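Data first, discussion second: the structure below is written as structure tokens.
The values are calculated or read from the model by the stated rules, or taken from the named source; none is laboratory data. In this text the structure is predicted, and so the values were computed from the model without any measurement. Every residue, glycine as well, gets a Cβ built from its backbone with ideal geometry; the counts of neighbours run over all protein chains shown. Quick note on the areas: whole protein, heavy atoms, side chains included, nothing else; ligands and nucleic acids left out. Shrake-Rupley method; radii C 1.70, N 1.55, O 1.52, S 1.80 Å.
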Amino acid sequence: MNMLQKSTLEFLTQLKENNNREWFTENKKRFDSEQKTTKTFFTQILTNLEKIDSIEKMQMHRIYRDIRFSKDKTPYKNHFSVSFDRTKPLLRGGMYLHIENDASFVGGGFWEPNNEDLFRIRKEIELDASDLKEIITDKTFVSYFGTLEGEELKTAPKGFDKTHPDIELIRKKQFVIRRKFSNKEVLSPNFQEEVLATFKAMRPFFDYMSDVLSTDLNGESIY
């Protein structure tokens, strides 16, 4: 398996310290080389991920930041990242890999579910949260991800009882999970295997959400 290189983390660190167009232009060949190496690594992950899952799309994200509506006007990201989308509509859940000096992680889940999907998830939790709670308290899930993350409302969503026993789950606007990696882990020969194992550990959570989002409250398929 391909490995990520120490030079990649060094480049990203220097980019963070010199986040301007002049420095980037002077180091464009370095960027092209590091991006190519990293894309090869990401593509190999896709090849192996497709052996255990159905992937609709891989997208390596651009290094250039969209600064039109941001107070932060630095022009470049200081990380490389890629996302893998499962094949909709029956398979749900996106996977994400973020490579950054001392801040690398694997993430996944439902970052910005549309209003229809979010309402459906909340109604399922309102009806019966036992299956979801069993998944997110499972020892394998906890060992990989710790807990379910994501932004949440300060109070109950409109139409939901604020005294519901699972209101903390119902209040969530995002349902995401994450596993952090040290630089040493990122540069190790088995990092790709660990990334794939982490994606695989997301499957019970993804399968639950896929079932919810492809059925109605009676459990009947909507497709």
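Results, tabulated for the structure shown:
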| quantity | calculated |
| --- | --- |
| Net lengthening on full extension, Asn218/Glu134 (0.36 nm per residue, minus Cα-Cα) | 28.2 nm |
| Rough spin-label spacing in nm, given labels placed 7 Å along Cα→Cβ, for Glu112 and Thr40 | 3.4 nm |
| By average C-beta atoms within 10 angstrom, highest first, the peptides 94-101, 161-168 | 94-101, 161-168 |
| Förster-model FRET efficiency, 22 Å R0, Phe119 and Ile55, C-beta, rounded to 0.05 | 0.25 |
| Folded to 0 to 90 degrees: helix 115-127 orientation relative to the chain principal axis, Cα | 50 degrees |
| For the stretch 109-160, projected area of the alpha-carbon convex hull averaged over all directions, nm² | 4.2 nm² |
| Relative pair counts by distance (%), Cα atoms of the stretch 9-57, 5 Å bins | 5, 18, 21, 15, 11, 11, 11, 6, 2 |
| Principal axis dimensions, the stretch 1-89 - Cα atoms, whole angstrom, descending | 42, 33, 16 |
| Accessible solvent surface per residue of the chain, calculated while the other protein chains remain in place, 1.4 angstrom probe, Å² | 57 Å² |
| C-alpha long axis of helix 203-213 to longest principal axis of the chain, angle in ° | 50 degrees |
| Magnitude of the charge dipole, the chain, Cβ model with Lys/Arg +1 and Asp/Glu -1, debye to 20 | 920 debye |
| Alpha-carbon centroid distance for the pair the stretch 168-223 / the stretch 85-159, whole angstrom | 7 Å |
| Residue-span extension gain [Ser70 to Arg21] - 0.36 nm each, minus C-alpha spacing | 15.9 nm |
| Under 30 Å from the Cα of Lys16 - lysines, other chains or at least 8 residues apart | Lys6, Lys28, Lys29, Lys36, Lys39, Lys57, Lys71, Lys73, Lys77, Lys180, Lys184 |
